[in-house]
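Novice: Dumping the structure here so I can ask a few things about it.
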Amino acid sequence: MSLLGGIRPPITVLSVLLLALAGFTALSLGSVREDKLPAAVLTSQQHFAEDGAIALRASLDESVTDLDRAAALFSAGKPVAPDAVLDRIGSVYQKWRGTAVVEIASGRLLAARGENLPLTAVDRTKLAGEGGLAPRMVKLANGETRLLTLSLLSWKDQPQQLLVASSSLRFPGISLGNFRSIAVVGPDGDVLSNDGIPEPEMVLTDLQRDDVKRDTKQLKSFAKTAAKRARVNPLTAKEPGSGGFLGVSGSLMGGEFGGDRAAAGYARLAGPEAGVGTEATSLQLTVVAMVNVAQSAGRTSDAFAGLVLAGALLLVGALVTALLIGTVQRPLITLFLDSRRLTRGDLARPVTVPRGGEAARIGNALERLRHQLLEGTDEADGADGDTAGSGSVRRRGPLRRTGARTLVAVCAVLLLAWCVPLGLLVNRAGDDVVVPQQLVSDQRERTDTLNDRIRRALNEGHADLLSVASLMGDDTDPAHMRTLLDRTLQEHLRYQSLYVLDGSGKVLAQAGGGPQAIEGKGPREDPIAMHSGGKEPVIVGTAEIPGRDGTAVVGEFRIDFLNSLLRRPGLGEIRVVDSKHRIIASNSGYRAFQKLDDDRLDALVEGSSLKVGMSPRPGSVLYRSGGDHVIAAAAPFVGGGAAKQMDWTVVSWQSVKGLAIHEYSLQNRTVLAGLLGLAVGAASLGWLWIVVIGPLRELARRAESLADGDRRTVLYPRNHDEVGAVTRSLEIIRQQLQQRQQQRKQAGAGGKPSSAPAGRN
């Protein structure tokens, strides 16, 4: 018999799989343990660190790009005095702590602004080599770390100059909330900068000083561990298929004190695309975010319940296996043996006819064929029914209709009786699900951080427009304008169109796509505004050109640029809405200017826009509704810059079902056990139907037809199994009966000529 065919393999595989599933049920449902810090809280800290790494990488790369672009724009025009260069840069960008211009050949300091720069750390003789102008970190005498960004100023017939800017490794716009700290860690594990932990001299009591010392020590320990773990390859750092953050990230758990336990997330700076490095990623920095979380009492699911479910499955599996063996396997094997016996000529013993179903039909047909072989008569040659002679057999009455299909249906119902309750009734998470408050707070802080990132991106875009406008004057021709616009468009992907618009609404120069927000008049007065006259929103930035009244550089932001900023793992659905709660941007599919379709979210957005003190504050809430718990947060635009006047709000929400919480973990494993049971039953019973049941029904029809006298239809076995063996035996019997029929015809034909002469005599 075939190793993969026949009746035995499907039943054996079904038994083994049900036994394995019972073991999985007993072990998994009886050991779903909730640690004192839920996995969802640790994952949230990991996402928080990833947000910090994304913000820091974007800020550092933006600083490098802005300095390079400013130097390139200055170098493209007429020579500018060093003091004028620094004044223009300082009026547009307020991100650097200090700037300086140095003559490369002599090393002479030509101009400086802000704090004193450690220029001795720059080796001027290696600037022309590979990586000579790459950003570098320098530690000051007071222990603080500065990032030096370098760029060249080059004019014809002028000594080449080095433009240097310094910035601190601080996080731009990271909302820490309460009891959280965040740090930038170097490749060796040293903390280069940190926020959230006050200095010991800034607190009042000895207890607070002890807390500061303990948190500082814990943060340094986390920094050493995170720097070590972040050195691995990003492809091997996470499970296969896990998306989200492109770099190395993870979570850590620290010591316990006063019922709180330190939890941290870490993330190494990674590029915006997989495998693509940037100036910031070359620094090999790691972000560590730490928070003290109140511990919960550890809980374990009831092991007895898992054993009961496993025992019920064993009982169902035993019953299903017994039914299949007793009503399909054994009768089929008996038919196989009897059919072979008949083909060998052993006709003395009757055929063992099973009790019912297709096996009984085949057994009855075999018994009739045995009598036909034994008597040497053919029922097809006789009258309508079987003769009542001593050697004949009559067809039995109607057989029982309970066939193989009914049996498979009964087995499927038995398995469904175990699987369906597991998916719909057992271990369901109800309204009493315990959602850690830290998750609600993290949703709020991360949403506020994302809100600040969007606001800063718009401010940076407007600063770029101001920088371009500052290089244009009343004598700048359209060709030079076009050159500046083209260079800016190539360096920044945030714009879909750049153009210069005069007071009458005429476009003097243009780069990129066609303008969509021209209203037939001069430039807008607002530095950042939204044009809603089309099918999609258009964000317009305007920067007036000095010395040319009514003429301005206008940039239209790509809406996909805003959507790309909203891709944050672990925040769920994210929307940017305007003052009328219309959707402007989203991290998933949406219709522009569509309203939020949830009254609760509308109320949350409305509440977060109310001033608390001097300005609105972000808010978050946990909605409980019929077992479907949702964490939502809203953060309005708060802060300075050109985008301050945009009355926008970032709102995010996610279902608690997708978080690693004890009740949902138990529910998910229970549902998984039920689904596995369905898969096992469908696969095994389907295999049995295709290999055995279907061919068995066809065989029963062919066997009855053969017993009824059909000697012409050839029986071909489909598979090399028990059904195929019975089919081959029936084909041999058909050939034997056909040969006897031909012999009788030949004998009858030969007797007629001899009888005629005898009759005349």
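Residues checked against (1) at pLDDT below 85; (2) over 30 Å from residue 288 (Cβ atoms); (3) basic (Lys, Arg):
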{"site": "83", "(1), (2), (3)": "no, yes, no"}
{"site": "93", "(1), (2), (3)": "yes, no, no"}
{"site": "110", "(1), (2), (3)": "no, yes, no"}
{"site": "127", "(1), (2), (3)": "no, yes, no"}
{"site": "143", "(1), (2), (3)": "yes, no, no"}
{"site": "167", "(1), (2), (3)": "no, no, no"}
{"site": "188", "(1), (2), (3)": "no, no, no"}
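Novice: Check off (1) touching a strand residue (DSSP E or B) at 6+ places or on another chain (Cβ under 8 Å); (2) modelled with pLDDT under 90; (3) among the hydroxyl-bearing types (Ser, Thr, Tyr); (4) within 30 Å of residue 270 (Cβ to Cβ) for residue 99 and give me the number that stays unchecked.
Specialist: Exception for residue 99: condition (2).
Novice: In addition: Going through 646, 614 one at a time, which residue ends up being open to solvent by 70 Å² or more (accessible area, probe 1.4 Å) and over 28 Å from the mean Cα position of the chain (by Cα)? Steps first, please.
Specialist: Numbers: 646 fails: open to solvent by 70 Å² or more (accessible area, probe 1.4 Å).
That would be 614, the only listed residue that is open to solvent by 70 Å² or more (accessible area, probe 1.4 Å) and over 28 Å from the mean Cα position of the chain (by Cα).
Novice: Here's something else I'd like to know. Listed residues 608, 586, 684; which is open to solvent by less than 30 Å² (accessible area, probe 1.4 Å) and under 30 Å from residue 325 (Cα atoms)?
Specialist: Details: 608 fails: under 30 Å from residue 325 (Cα atoms); 586 fails: under 30 Å from residue 325 (Cα atoms).
Sole residue among the options that is open to solvent by less than 30 Å² (accessible area, probe 1.4 Å) and under 30 Å from residue 325 (Cα atoms): 684.
Novice: Do any residues in region 151-166 that are free of Cβ contacts under 8 Å to residues at least 60 places away in the same chain and aromatic (Phe, Trp, Tyr) have Cβ atoms under 8 Å from those of residues that are in a loop (DSSP other than H, G, I, E, B) and open to solvent by less than 60 Å² (accessible area, probe 1.4 Å), where the two are at least six apart or on different chains, and which pairs are they?
Specialist: Matching pairs, first to second residue: none at all.
Novice: Now, a different point. When the residues of region 627-641 are filtered to those that are assigned to a loop (DSSP other than H, G, I, E, B) and under 13 Å from residue 447 (Cα atoms), which remaining residue is most open to solvent (accessible area, probe 1.4 Å)? Outline the logic, then answer.
Specialist: From region 627-641, those assigned to a loop (DSSP other than H, G, I, E, B) are 627, 637-641; that's our starting set.
Filter once more, so that each one left must be under 13 Å from residue 447 (Cα atoms): 637-638.
On the way: 637: 22, 638: 56 Å².
Ranking the qualifying residues of region 627-641, first place goes to 638.
Novice: Working only within region 493-531, note down all residues that are polar (S, T, N, Q) and surrounded by fewer than 16 Cβ atoms within 10 Å (Cβ to Cβ).
Specialist: Kept after step one, since they are polar (S, T, N, Q), are these residues of region 493-531: 496-497, 504, 510, 516.
Result: 504, 516.
Novice: Mind checking whether some residue in region 593-601 is under 15 Å from residue 244 (Cα atoms), touching a residue at least 12 places away in the same chain (Cβ under 8 Å), in contact with a strand residue (DSSP E or B) (Cβ under 8 Å, 6 or more places away or on another chain) and of a type outside the set (D, E, K, R)? Before the answer, list the steps.
Specialist: Initially, region 593-601 is screened for residues under 15 Å from residue 244 (Cα atoms), giving none.
No, that holds for no residue.
Novice: Here is a further query. Does region 273-283 hold any residues that are in a loop (DSSP other than H, G, I, E, B) and surrounded by 15 or more Cβ atoms within 10 Å (Cβ to Cβ), and which are they?
Specialist: First, pick out the residues of region 273-283 that are in a loop (DSSP other than H, G, I, E, B): 273-280.
Passing the criteria: 278, 279, 280.
Novice: Do you know which residues across region 533-568 are of a type in the set (D, E, K, R) and open to solvent by 20 Å² or more (accessible area, probe 1.4 Å)? Show your work before the answer.
Specialist: Quick first cut of region 533-568, residues of a type in the set (D, E, K, R) only: 535-536, 544, 548-549, 556, 558, 560, 567-568.
Matches in region 533-568: 535, 536, 544, 548, 549, 558, 560, 567, 568.
Novice: For residue 284, all conditions in the list (1) modelled with pLDDT under 90; (2) closer than 30 Å to residue 135 by Cβ; (3) among the polar types (S, T, N, Q) hold save one; what is the number of the exception?
Specialist: (1)
Novice: Same structure again: Go through (1) of a type in the set (D, E, K, R); (2) at pLDDT 85 or above; (3) more than 30 Å from residue 415 (Cα to Cα) one by one and return the number of the condition residue 34 breaks.
Specialist: (2)
Novice: I'm checking my understanding of the structure. Among residues of region 98-124 that are open to solvent by 50 Å² or more (accessible area, probe 1.4 Å) and among the hydroxyl-bearing types (Ser, Thr, Tyr), which one is farthest from residue 82 (Cα to Cα)?
Specialist: 120
Novice: Please go through (1) exposed (fewer than 15 other Cβ atoms within 10 Å of the Cβ); (2) under 20 Å from residue 435 (Cβ atoms); (3) out of contact with any Phe, Trp or Tyr (no Cβ under 9 Å at 6 or more places or on another chain) for residue 600 and return the number of the only condition it doesn't satisfy.
Specialist: (3)
Novice: Scan region 440-452 residue by residue and report those that are surrounded by fewer than 22 Cβ atoms within 10 Å (Cβ to Cβ) and touching a Leu at 6+ places or on another chain (Cβ under 8 Å).
Specialist: Scanning region 440-452 gives a single hit, 440.
Novice: Within region 673-718, which residues are outside any helix (DSSP H, G or I) and either more than 15 Å from residue 731 (Cα to Cα) or of a type outside the set (Phe, Trp, Tyr) (or both)?
Specialist: The first filter runs over region 673-718 and keeps only residues outside any helix (DSSP H, G or I), leaving 708-718.
Residues satisfying the conditions are 708, 709, 710, 711, 712, 713, 714, 715, 717, 718.
Novice: Which one of the conditions (1) touching a Lys or Arg at 6+ places or on another chain (Cβ under 8 Å); (2) modelled with pLDDT of 85 or more; (3) over 18 Å from residue 60 (Cβ atoms) does residue 158 fail to meet, given that it meets all the rest?
Specialist: Every listed condition holds for residue 158 apart from (1).
Novice: I would also like to ask the following. Considering only residues of region 245-272 that are assigned to a loop (DSSP other than H, G, I, E, B) and open to solvent by less than 50 Å² (accessible area, probe 1.4 Å), which is modelled with the lowest pLDDT?
Specialist: Residues of region 245-272 assigned to a loop (DSSP other than H, G, I, E, B): 245-248, 258-259, 269-272.
Keeping just the survivors that are open to solvent by less than 50 Å² (accessible area, probe 1.4 Å) gives 245, 247-248, 259, 269-271.
Numbers: 245: 84, 247: 87, 248: 90, 259: 79, 269: 92, 270: 89, 271: 86.
It comes out as 259.
Novice: Any residue at all in region 439-446 that is in a helix (DSSP H, G or I), at pLDDT below 90 and either over 30 Å from residue 309 (Cα atoms) or of a type in the set (Ser, Thr, Tyr) (or both)? Explain how you work it out, then say what you get.
Specialist: Kept after step one, since they are in a helix (DSSP H, G or I), are these residues of region 439-446: 439-446.
Now restrict to residues that are at pLDDT below 90: none.
No, region 439-446 contains no residue that is in a helix (DSSP H, G or I), at pLDDT below 90 and either over 30 Å from residue 309 (Cα atoms) or of a type in the set (Ser, Thr, Tyr) (or both).
Novice: A further question on this structure: So if I check each of 132, 196, 177, 186, which one is among the small types (Gly, Ala, Ser), open to solvent by less than 20 Å² (accessible area, probe 1.4 Å) and either closer than 27 Å to residue 640 by Cβ or under 32 Å from the mean Cα position of the chain (by Cα) (or both)?
Specialist: On the way: 132 fails: either closer than 27 Å to residue 640 by Cβ or under 32 Å from the mean Cα position of the chain (by Cα) (or both); 196 fails: open to solvent by less than 20 Å² (accessible area, probe 1.4 Å); 177 fails: open to solvent by less than 20 Å² (accessible area, probe 1.4 Å).
Step by step, each of 132, 196, 177, 186 is checked, and only 186 is among the small types (Gly, Ala, Ser), open to solvent by less than 20 Å² (accessible area, probe 1.4 Å) and either closer than 27 Å to residue 640 by Cβ or under 32 Å from the mean Cα position of the chain (by Cα) (or both).
Novice: Right, another one. Quick check on region 344-354. Is at least one of its residues crowded, with 22+ Cβ neighbours inside 10 Å, modelled with pLDDT of 90 or more and of a type outside the set (Val, Ile, Thr)?
Specialist: Checked against the condition, which is being crowded, with 22+ Cβ neighbours inside 10 Å, modelled with pLDDT of 90 or more and of a type outside the set (Val, Ile, Thr), region 344-354 yields no hits at all.
Novice: Looking at region 649-681, which of its residues are in contact with a Ser or Thr (Cβ under 8 Å, 6 or more places away or on another chain), of a type in the set (A, V, I, L, M, F, W, C) and either over 30 Å from residue 430 (Cα atoms) or open to solvent by less than 10 Å² (accessible area, probe 1.4 Å) (or both)?
Specialist: Answer for region 649-681, where residues must be in contact with a Ser or Thr (Cβ under 8 Å, 6 or more places away or on another chain), of a type in the set (A, V, I, L, M, F, W, C) and either over 30 Å from residue 430 (Cα atoms) or open to solvent by less than 10 Å² (accessible area, probe 1.4 Å) (or both): 650, 651, 673.
Novice: Given 737, 715, which one is in contact (Cβ under 8 Å) with a residue 40 or more places away in the chain and not β-branched (Val, Ile, Thr)? Break it down into steps so the answer makes sense when it comes.
Specialist: Values: 715 fails: in contact (Cβ under 8 Å) with a residue 40 or more places away in the chain.
Exactly one of 737, 715 is in contact (Cβ under 8 Å) with a residue 40 or more places away in the chain and not β-branched (Val, Ile, Thr), namely 737.
Novice: What residue, of 14, 67, 73, 86, is closer than 30 Å to residue 692 by Cα and buried (at least 17 other Cβ atoms within 10 Å of the Cβ)?
Specialist: Values: 67 fails: closer than 30 Å to residue 692 by Cα; 73 fails: closer than 30 Å to residue 692 by Cα; 86 fails: closer than 30 Å to residue 692 by Cα.
Matching residue, one of 14, 67, 73, 86: 14.
Novice: Residue by residue through region 462-482, note down the ones that are open to solvent by 10 Å² or more (accessible area, probe 1.4 Å), farther than 21 Å from residue 646 by Cβ and of a type in the set (A, V, I, L, M).
Specialist: Selection gives 471, 479.
Novice: Of all the residues that make up region 466-495, how many are touching a helix residue (DSSP H, G or I) at 6+ places or on another chain (Cβ under 8 Å) and not charged (D, E, K, R)? It would help to see each step written out before you state the result.
Specialist: First, pick out the residues of region 466-495 that are touching a helix residue (DSSP H, G or I) at 6+ places or on another chain (Cβ under 8 Å): 466-468, 470-472, 483-485, 487-488, 491-495.
Filter once more, keeping what is not charged (D, E, K, R): 466-468, 470-472, 483-485, 488, 492-493, 495.
Of the residues in region 466-495, 13 are touching a helix residue (DSSP H, G or I) at 6+ places or on another chain (Cβ under 8 Å) and not charged (D, E, K, R).
Novice: Filter region 317-328 for residues that are open to solvent by 30 Å² or more (accessible area, probe 1.4 Å) and in contact (Cβ under 8 Å) with a residue 60 or more places away in the chain and give the result. Give the derivation first.
Specialist: The initial filter retains those residues of region 317-328 that are open to solvent by 30 Å² or more (accessible area, probe 1.4 Å), namely 318-319, 322-323, 325-327.
Matches in region 317-328: 319, 323, 325, 327.
Novice: Which count do you get for residues in region 552-578 that are closer than 21 Å to residue 445 by Cα and either part of a loop (DSSP other than H, G, I, E, B) or without any contact (Cβ under 8 Å) to a residue 24 or more places away in the chain (or both)?
Specialist: First pass over region 552-578, keeping only residues closer than 21 Å to residue 445 by Cα: 562-578.
Of the ones still in play, those that are also either part of a loop (DSSP other than H, G, I, E, B) or without any contact (Cβ under 8 Å) to a residue 24 or more places away in the chain (or both) are 564, 566-572, 578.
Looking only at that region, the number is 9.
The values are calculated or read from the model by the stated rules, or taken from the named source; none is laboratory data. Nothing here was measured: the structure is a model prediction, and the numbers come from that model. Positions of Cβ are generated from backbone atoms using ideal geometry, with glycine treated the same way; all protein chains shown enter the neighbour counts. When the accessible area is computed, the model is the full protein with side chains, heavy atoms only, and any ligands, DNA or RNA have been set aside. Shrake-Rupley method; radii C 1.70, N 1.55, O 1.52, S 1.80 Å.
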